[in-house]
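Enquirer: Submitted below is the structure of interest, expressed as structure tokens.
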Amino acid sequence: MVKSLDYNTIQDIIKEGGSGEKELRVKGYEVFSKVPMPMWKRVKLDDVHIPYYKEYKSAAIDNDVQEGLVVNPLTKALMDDDLNTIKSALAHNFGVDEKFKNMVLAFYNTGFSIRALPNSNVKLPVTVNYSVIGDDDTIIDLNLIVAERLSNLTVVFDFVSDKKGFHNGFTAVIAKDGASVNIVKIQRFSDDSSNFDNNIIITGNDATVKWTQIDLGGKVDAYDVTAELEGVGSSAYFNSIFFGAYEQSHDMSYRVNHIGMRTESSVDVKGALKDKSKAVFRGNLDMRMGARKAKGNESEVVLLLDKTVRSDAIPALWCSEDDVQANHSASAGQIDENKLFYMMSRGLSMEEAKLLMVEASFNPVIDTLPNDVLKEVVKSYIGRRISG
């Protein structure tokens, strides 16, 4: 089914859905239809076209049958618990833009609800693969990750294509009291693809969320990760790497709202740019009133491999509470020519020398991936991008 993103399509989609799904899609469409396409200053959307609605059948999930784990595809049925999770997430401000966020709510064509039961330790990483294959070139995914009290869960998302595609996603992560959640997102779309991703994290008391973001592909790549640290003693740690080549544009936004007492966060972004690529990093730490003893830190370091690239950093720190600690920093610099010459004098080509310098920056993040195959895939992809 290939249809326009309009009200008639919504009516066709919800014919077989329940009341919760109908409510979600109709409300999402009401906002989507009224909000214009954003006009971003640093990342141009001139070549981004809103796609047609298509069914998507190429999603694959591994390790979804384990003790303490409940997984449901959201396109089959939207349970009451899932709807309540989405509603709690939508009470917060997040997303790359209201247009894209509500597009997902109205027209999602794939996605999963992944729930770790109370006191469970889900041993194997749950891996969700979204691939652009054949006519399945439009991925609009809605994902709910819920870690119940004192549970432990790892979820890996792998987005990949070797042809032009469009992706727009919405992921809500709810970590309840004492839960530990590890989220990994790897994006390696083709150079003519568009990628948009809207993410929200909500934490309970003493909950911990670790988030690893690896963005390597796409002509336009924009994502937002917002964390609401509501629970006392909760924490969120973000480790991200990105690589830009050709005329790629990366737009990255991290927002951490410290709400509960003794909350802690860290945002660590490392990147490399070559050719005529560009990147924008937005980092916001907000120490809300009442977040006493909170600690937050954010940093971005970008390696500029060519003089024709552009890197913009827009860190911001907001503080309404006195008894907190917060720091932010950002830096971008050219390759040290002396180091480059030294490595080339030892027999390495220029591309090999550059690769070693990028790997030295990226490996601490890549080495944390829970799958050795993924580690090699990411390293190989980066190597091809540098030499290509």
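The values are calculated or read from the model by the stated rules, or taken from the named source; none is laboratory data. Keep in mind that what you see is a predicted model, and the values were worked out from it rather than measured. Here the Cβ is made from the backbone with ideal geometry for all residues, glycine too, and neighbour counts use every protein chain on show. The accessibility values were calculated without ligands, DNA or RNA, using every heavy atom of the protein model including side chains. Shrake-Rupley method; radii C 1.70, N 1.55, O 1.52, S 1.80 Å.
Enquirer: Once you put a point 7 Å from the Cα of Asn84 and another 7 Å from the Cα of Ser361, both along the Cβ direction, what distance in nm separates them?
Expert: Each label point is offset 7 Å from its Cα along the Cβ direction, giving 4.6 nm.
Enquirer: Place the peptides 85-98, 337-350 in order of packing, highest mean first, counting for every residue the other Cβ atoms within 10 Å and averaging per peptide.
Expert: Values: 85-98: 17.4, 337-350: 11.7.
Peptide ranking by packing, descending: 85-98, 337-350.
Enquirer: Quick one: check the C-alpha center-to-center distance for the range 309-377 versus the range 79-145, whole angstrom.
Expert: For the range 309-377 versus the range 79-145, the Cα centre distance is 30 Å.
Enquirer: State in Å² the accessible area per residue of the chain; use a 1.4 Å probe, count heavy atoms of protein chains only, and round to the nearest integer.
Expert: 43
Enquirer: In debye, nearest 20: dipole of the range 307-363 around its Cα centre with unit charges on the Cβ of K, R (+) and D, E (-)? Walk me through the numbers on the way to the answer.
Expert: Working: 5 positive and 9 negative charges, 95 e Å.
Taking the Cα centre of the range 307-363 as origin, the dipole is about 460 debye.
Enquirer: Could I ask something else about it? With only Lys, Arg, Asp and Glu charged, each at its Cβ (+1 for the first two, -1 for the last two), find how big the charge dipole of the chain is about the Cα centre; round to the nearest 20 debye.
Expert: Dipole size: approximately 440 debye.
Enquirer: Carbon-plus-sulfur fraction of the accessible area of the chain, 1.4 Å probe, in percent?
Expert: Numbers: 8010 of 16550 Å².
Whole-percent figure for carbon plus sulfur exposure: 48.
Enquirer: Then there is this: How high is the FRET efficiency between Asp6 and Asp312 when r is their beta carbon distance and R₀ equals 56 Å, given to the nearest 0.05?
Expert: E(calc), rounded to 0.05, equals 0.95.
Enquirer: Quickly estimate the mean residue ellipticity at 222 nm for the chain, helices only: each DSSP H run with n ≥ 4 gives -39500 (n - 2.57), and the total goes over all residues, rounded to 500.
Expert: Calculated at 222 nm, the ellipticity per residue is -7000 deg cm²/dmol.
Enquirer: Choose one of Ala175, Asn198, Ile186: the residue whose Cα lies farthest towards the positive end of the charge dipole of the range 161-222 (beta-carbon charges +1 Lys, Arg; -1 Asp, Glu; about the Cα centre).
Expert: Ile186
Enquirer: Which of Ala91, Thr75, Trp40 sits farthest toward the positive end of the charge dipole of the range 29-98, with +1 on the Cβ of Lys and Arg and -1 on the Cβ of Asp and Glu?
Expert: The listed residue farthest towards the positive side: Trp40.
Enquirer: Give Lys44/Lys274; Lys307/Lys339; Lys15/Lys76; Lys123/Lys379; Lys278/Lys375; Lys307/Lys354 a once-over and call out the pairs whose C-alpha atoms are over 23 Å from each other. The partial results should precede the final answer.
Expert: Details: Lys44/Lys274 18 Å; Lys307/Lys339 17 Å; Lys15/Lys76 13 Å; Lys123/Lys379 25 Å; Lys278/Lys375 25 Å; Lys307/Lys354 14 Å.
From Lys44/Lys274; Lys307/Lys339; Lys15/Lys76; Lys123/Lys379; Lys278/Lys375; Lys307/Lys354, over 23 Å: Lys123/Lys379; Lys278/Lys375.
Enquirer: Follow-up question, since we're still on this one. Please list 3J(HN,Hα) in residue order for the range 363-377, calculated via the Karplus relation 6.51 cos²θ - 1.76 cosθ + 1.60 where θ = phi - 60°; whole Hz, with x for glycine and proline.
Expert: These are the phi-based 3J(HN,Hα) values: 4, x, 7, 4, 5, 7, 4, x, 9, 5, 5, 5, 4, 5, 4 Hz.
Enquirer: What ³J(HN,Hα) values, in whole Hz, does the Karplus curve 6.51 cos²θ - 1.76 cosθ + 1.60 give for the range 245-252 when θ = phi - 60°, with x put for Gly and Pro?
Expert: 9, 6, 10, 5, 10, 10, 10, 10
Enquirer: Let's see if you can work this out: charge +1 on each Lys and Arg Cβ, -1 on each Asp and Glu Cβ, no other charges. What is the dipole magnitude of the range 31-169 about its Cα centre, in debye to the nearest 20?
Expert: 480
Enquirer: At 0.36 nm per residue, minus the direct Cα-Cα distance, what do Asp323 and Glu67 gain on full extension? Give it in nm, one decimal, please.
Expert: Length gained, Asp323 through Glu67: 87.9 nm.
Enquirer: Assuming R0 = 35 Å, can you tell me the calculated FRET efficiency for the pair Met344 and Lys44, based on Cβ-Cβ distance, to the nearest 0.05?
Expert: Calculated transfer efficiency: 0.45.
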